[in-house]
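What follows is a single structure, written as structure tokens, with notes after it.
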Amino acid sequence: MHGIFVTGTDTGSGKTFASCALLRAWRAQGLRASGMKPVASGSVTTPQGLRNEDALALLAASDPAPAYADCNPFAYEPPIAPHVAAALADRPVALDVIIAAHARIAAHCTRSVVEGVGGWLAPLSDTLMQADLVHALDLRVVLVVGVRLGCINHALLSARAIRADGCRLVGWIANRIDPHMAEADASIAAIGSRIEAPLLATLAWHEAAPRFTLDGC
């Protein structure tokens, strides 16, 4: 089974939007594709327990849709850095729990999309980074670049950090989160000529069904 870890240049870069689009693109090819958001802060209390908007979006885009507890094993209520939210809740992120949940998801699909939190170097705990999760699940990485002022620096620093952590960056996605950005195409081209990874998709503002080049994924 092939799995992808979706990270972003920062909070708000569009990881969930891109992850859902990737799931739908694979499903359109006749593949069984399921999403996972292992750690999420900014959740709401429901009769079924804490629920996170990003995790629910991934479930809606998945077929088969995993159980919520497997999709999002670590949900925290306050919309703050997850390692801080985990400390306040006295429920630290545990890698073994995520590995077990991912194994249950992977048993029923041919493609999995695991969405990270924040940017690549956002910690999961005092001792756990997102690179540790990627290594443990043996995932390849796709970087979502929020196309706005400063994105060239953010994209290239993120790509460098991903590789420095020994992880496999297999592609990036340009997500036009600022519809008023001047010369956005020039910034996308500048990233593409330097990042040493293929551009998988360019997502337009409010585009619902982007086209992906999935060769090698």
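So what's the angle, to the nearest 10 degrees on a 0 to 90 scale, between helix 151-164 and the longest Cα principal axis of the chain?
60
If I model a spin label at Ala190 and His108 as a point 7 Å from the Cα along the Cα→Cβ vector, what separation in nanometres do I get?
Taking the two extended label points, one gets 4.6 nm.
Report the per residue volume, in Å³, of the convex hull enclosing the C-alpha atoms of the range 98-217. Walk me through the numbers before you get to the answer.
Working: hull volume 14.8 nm³, N = 120.
In the range 98-217, the Cα hull volume divided by residue count equals 123 Å³.
State to the nearest 20 debye the size of the charge dipole of the range 1-107 about its Cα centre, where the only charges are +1 on K and R beta carbons and -1 on D and E beta carbons. Can you show the working numbers first?
Numbers: 8 positive and 8 negative charges, 66 e Å.
Its charge dipole is roughly 320 debye.
Rounded to the nearest 10 degrees, what's the angle between the helix 15-28 long axis and the longest principal axis of the chain, both from Cα atoms, 0 to 90?
90
For Trp120, what residues show an amide H to amide H distance below 5 Å, using hydrogens built from the backbone and excluding near sequence neighbours?
Long-range HN contacts for Trp120: Gly8.
Which whole-number percent of Cα pairs in the range 43-103 have a distance greater than 15 Å? Don't jump to the answer; show the numbers that get you there.
Details: 973 of 1830 pairs.
Pairs farther apart than 15 Å: 53 percent.
Take every Cα pair under 8 Å in the range 1-150 that's 6+ residues apart, average their separations, divide by the length, and report that relative contact order as a whole percent. Don't skip to the end; give the middle numbers.
Values: 314 pairs, mean separation 59.6, N = 150.
Taking the mean separation of contacting Cα pairs over the length of the range 1-150, I get 40 percent.
Dipole of the range 93-149 (Lys/Arg Cβ +1, Asp/Glu Cβ -1, origin at the Cα centre): which of His102, Val117, Val142 lies farthest to the positive side?
Ranked along the dipole, the leading option is Val142.
Non-local amide H neighbours of Arg168 (under 5 Å, H modeled in plane, Pro and chain starts lacking H): which ones?
Amide H to amide H, under 5 Å and 5 or more residues apart or across chains, Arg168 pairs with Val141.
Of Asp178, Asp138, which has the most accessible area and how do the rest follow, probe 1.4 Å? Numbers along the way, then the final one.
Numbers: Asp178 55, Asp138 110 Å².
Solvent-accessible surface, decreasing: Asp138, Asp178.
Which percent of Cα-Cα pairs in the chain sits in each 10 Å bin, short to long?
9, 36, 38, 16, 1
Of the options Ile195, Ala161, Ala69, report the single residue whose Cα projects farthest towards the positive end of the charge dipole of the chain (beta-carbon charges: Lys, Arg +1; Asp, Glu -1).
Projecting each Cα onto the dipole axis, the largest value belongs to Ile195.
Near Asn52, within a Cβ-to-Cβ distance under 14 Å, what is the net charge of the other residues, with Lys and Arg +1 and Asp and Glu -1? Numbers along the way, then the final one.
Working: positive: Lys15, Lys37, Arg51; negative: Glu53, Asp54, Asp70, Glu77, Glu115.
It works out to a net charge of -2.
The values are calculated or read from the model by the stated rules, or taken from the named source; none is laboratory data. Computed from a prediction, not measured in an experiment: that's the story for all the values here. Every residue, glycine as well, gets a Cβ built from its backbone with ideal geometry; the counts of neighbours run over all protein chains shown. With ligands, DNA and RNA removed, areas are computed over all heavy atoms of the protein, side chains included. Shrake-Rupley method; radii C 1.70, N 1.55, O 1.52, S 1.80 Å.
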